[in-house]
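Since the structure comes first, as structure tokens, the remarks are kept for the end.
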Amino acid sequence: MVTVEKLVEGLRGISNEGFTCEGIYQYLGENPVDVDSISPYLFWSQNCYTRNLIYKDERFEVMAICWEKGQISRVHDHSEQKCWMTVPVGRLRGQNFAVVEIDTSRSFCSLRETSSF
């Protein structure tokens, strides 16, 4: 287990060449975060999930995202940004989608479920 400060320090030390999906997931898997170190960033709301910034620089952000049981986030993309998640407390289910049809003139988009994690 590492503190969130050590986690960020380690992420900052990864070269640009190693800053890939595989490289970051490997790092996160090898460095589980100590829950006590993120507790100051854990805030929940009964109305919606919360996004609590822990660290940000020009390459990445670290956030604590808190969902109450049964809460969801809307279908969204990350606009060509990369996104990694690790779950130090609880369980998370993610659902990916593919665009079936898009008509910007009607602000319409049809999706189909693909993989989940």
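The values are calculated or read from the model by the stated rules, or taken from the named source; none is laboratory data. Model, not experiment: these values are computed from the prediction. Please note: Cβ atoms are built from the backbone with ideal geometry, for glycine as well, and neighbour counts cover all protein chains shown. Areas reflect the complete protein model, heavy atoms only, side chains present, ligands, DNA and RNA absent. Shrake-Rupley method; radii C 1.70, N 1.55, O 1.52, S 1.80 Å.
Taking strands (runs of 3 or more DSSP E) as the structural unit, those lying wholly within segment 1-108 and holding at least 2 residues that are among the charged types (D, E, K, R) correspond to 50-56, 95-103.
Among the residues of segment 102-117, count how many are over 30 Å from Ser37 (Cβ atoms) and open to solvent by 90 Å² or more (accessible area, probe 1.4 Å).
Summing the residues that are over 30 Å from Ser37 (Cβ atoms) and open to solvent by 90 Å² or more (accessible area, probe 1.4 Å) in segment 102-117 gives 7.
Residues checked against (1) at pLDDT below 90; (2) in contact with a Leu (Cβ under 7 Å, 6 or more places away or on another chain); (3) β-branched (Val, Ile, Thr):
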residue: Tyr55; (1), (2), (3): no, no, no
residue: Glu61; (1), (2), (3): no, yes, no
residue: Asp77; (1), (2), (3): yes, no, no
residue: Gln81; (1), (2), (3): yes, no, no
residue: Ser107; (1), (2), (3): no, no, no
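Please tell me if Thr50 is under 23 Å from Met1 (Cβ atoms), of a type in the set (S, T, N, Q) and open to solvent by less than 90 Å² (accessible area, probe 1.4 Å).
No, not satisfied.
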